[in-house]
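Here is the structure we will look at.
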Amino acid sequence: MVSFDDLLEEAGAFGRCQKRIFSLLCLLSLPFAGVYVGIVFQGFTPDHWCRDPELVEMRQVCGWSLEDTRRLIPLVNGSGEPEQRSSCEQYEVDWNSTTLTCDSLAQLDPSGVPVSKCKASWEYQYEGRKTFVTEFDLVCEKSWLVDMYQSVLNVGFLVGSFAFGYFADRFGRKITFLMSNILNAISGLGLALAPNYVTVLVFRAIFGFGVKGGWMTNYVLLTEIVGVKHRRTVGIIFQMFFSVGLLILPPLAYFITDWRWFQVAIAAPNVLFLAYYWFIPESPRWLLSQNNSAKAEEIIRAMAEENKKKLTSSFDNLACDEGDSPSASLLDLVRTPKMRKHTFILMFNWFTSAVVYQGLIMRVGITGGNVYIDFLIMALVEFPAAFLILFTIERIGRRLPFATANIVAGACCLIAAFIPDSLFWFKTVVGCVGRLGITMAFEMVVFVNTELYPTFIRNLGVSVCSTMCDIGGIISPFLLYRLSAIWLELPLIIFGVVAFIAGGLVLLLPETRGVPLPDTIEDVEFPHRKKEKTVENQQEKETLKSDLTSNKENVVSV
């Protein structure tokens, strides 16, 4: 009997066919970066103040600059600095009824005059750029609606992960991928044409629903068509293309100044990805699980031909892998002590990774620096994360790099919170190291999760634990924007504490390097039995091999 992995090795574990498919699928991660963190540019909130029509008219008559007009805007906390002018209040004065001339108004000190909330709209100092914040006036009392833009995306992610996971297992990877791209193209372009903000949020949620589900489906497809030895490397590199997408965003946002056209640039590639339907095969592993061995054999032989390999094994001798146990349930994740411990720690780490990673990215838009340069620098530091993972996981193991990444991220967040703004470059360097750490942690939690659960419940375990990633994404915008309104560095304190706790919890997990994947809950609870059984099987194979060699020598000697 031969396994599917044996057939895949014969057809080429990572040959020309897989490399072609891998190259095409990696392109999907590029626009996904824009969907996930495009809010930094689309929802950028520039410096703003109340738009008083009378003051606007006076500015035109008197030939004043914007700064001259802002002198007639109330101060915050009595500060006399221009940057401390109120963004949400205006003086309760009818400027047209005054008899003051332009010169006297320029010298006027309005302190002590009653103030009120903005009555008309706002003026923005954003030099011709247009975000959905400036278009819909989502500032002051409406500023929480900016948080909703990112939160509804993560709600879509959460539902899409479950829905498309079911679709992919029920109808196949290829048709699910097609459904995702059609949905992404319609909702993404619909978002760019939305007439009001409620419609924007609806399309944004649908966009998240399709994008996350499609991305996960392609990740699974990719790992199913390459050999066992290549899966982890291919998976990490696939995620690296998300970082490449992050590098593309700043120049794209710099030259596309309208958030609607920026959205078109993010969504349009989904139309082109529809052509993948004719270039990417269905997963033969999924076809076998559906008892469609004829189609699976056709695809495997086509892959072997493209890889210039010869398939000698017969599908008639193929040993089918056991599927998920029909008794698998959510209770299995918490039924025994170690399963409970693993589930809690992994769920907390998924949550932490999403909150800290997404929070650090979105924080770039509110720190007051050059958003394009700061974003680009932070994106560049993600690339060493993948190389550090590939270098350490087989030499050091999983647990120590995973825990260290979280602890380093937490320490950097706490340190950066207390570095004065005058030490800008030092603060930037510390922030980059923190971004590197949380990127490593985010990428590692994916495959560590798969290595800690037994076979019959592995998919369910990953799905359930990863939902905390989307829940963290829903909370992260409110955590960042609302707390930063109290103190700009307060979110960093929260991020640091949470990351420290996550790192400490990882140290309570078992090391999985060189350990056979568990097949049952018993293997999780008593890993030494699994290891002893593996050693015994290996010894039996070596003994059998020795006996066969000895018999062969005896026959030759006779």
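The values are calculated or read from the model by the stated rules, or taken from the named source; none is laboratory data. These figures come from a predicted structure and were not determined experimentally. Note that each Cβ is placed from the backbone with ideal geometry, even for glycine, and that neighbours are counted across all protein chains shown. Remember, those area values only see protein heavy atoms, side chains included, never the ligands or the DNA or RNA. Shrake-Rupley method; radii C 1.70, N 1.55, O 1.52, S 1.80 Å.
Some observations on this one:
- Checking the stated criteria, Phe157 turns out not to satisfy the condition of being more than 23 Å from Gly472 (Cβ to Cβ) and either open to solvent by less than 50 Å² (accessible area, probe 1.4 Å) or assigned to a helix (DSSP H, G or I) (or both).
- Every residue from segment 479-497 that is closer than 23 Å to Leu346 by Cα and open to solvent by 30 Å² or more (accessible area, probe 1.4 Å): Leu479, Ile493, Ile494, Val497
- Test: residue in segment 251-260 that is closer than 30 Å to Glu297 by Cα, free of Cβ contacts under 8 Å to residues at least 60 places away in the same chain and not basic (Lys, Arg): no
- Considering segment 166-184, the residues that are in a helix (DSSP H, G or I) and open to solvent by less than 30 Å² (accessible area, probe 1.4 Å) include one that is farthest from Val146 (Cα to Cα), namely Arg173.
- Test: Ile373 is under 19 Å from the mean Cα position of the chain (by Cα), at negative phi and assigned to a helix (DSSP H, G or I): no
- Selection from segment 307-333 of residues that are surrounded by fewer than 15 Cβ atoms within 10 Å (Cβ to Cβ) and modelled with pLDDT of 85 or more: Lys308
- Subset tally (residues that are in contact (Cβ under 8 Å) with a residue 24 or more places away in the chain, open to solvent by 30 Å² or more (accessible area, probe 1.4 Å) and closer than 20 Å to Leu66 by Cα) for segment 124-145: 7
- Selection of segment 397-449 for residues being under 16 Å from Ala502 (Cβ atoms) and basic (Lys, Arg) yields Arg398, Arg399, Arg435.
- Screening the candidates Thr512, Thr520 for the property of being buried (at least 17 other Cβ atoms within 10 Å of the Cβ), farther than 23 Å from Leu414 by Cα and of a type in the set (S, T, N, Q) yields one hit, Thr512.
- Selection count where residues are in a loop (DSSP other than H, G, I, E, B) and touching a strand residue (DSSP E or B) at 6+ places or on another chain (Cβ under 9 Å), scope segment 117-138: 7
- Restricting Leu108, Leu153, Leu100 to those that are at pLDDT 70 or above, among the aliphatic types (A, V, I, L, M) and either over 30 Å from Lys212 (Cα atoms) or out of contact with any strand residue (DSSP E or B) (no Cβ under 8 Å at 6 or more places or on another chain) (or both) reduces the list to Leu153.
- Given (1) in a helix (DSSP H, G or I); (2) over 30 Å from Gly165 (Cβ atoms); (3) at pLDDT 85 or above, index of the condition Ile419 fails: (1)
- One residue stands out in segment 185-223 among those that are open to solvent by 10 Å² or more (accessible area, probe 1.4 Å) and not in a helix (DSSP H, G or I): the one that is farthest from Lys142 (Cα to Cα), namely Pro195.
- Among the conditions (1) out of contact with any helix residue (DSSP H, G or I) (no Cβ under 9 Å at 6 or more places or on another chain); (2) free of Cβ contacts under 8 Å to residues at least 40 places away in the same chain, Val430 misses just one, which is (1).
- Residue check for Arg173: touching a strand residue (DSSP E or B) at 6+ places or on another chain (Cβ under 9 Å) and within 24 Å of Ala268 (Cβ to Cβ): no
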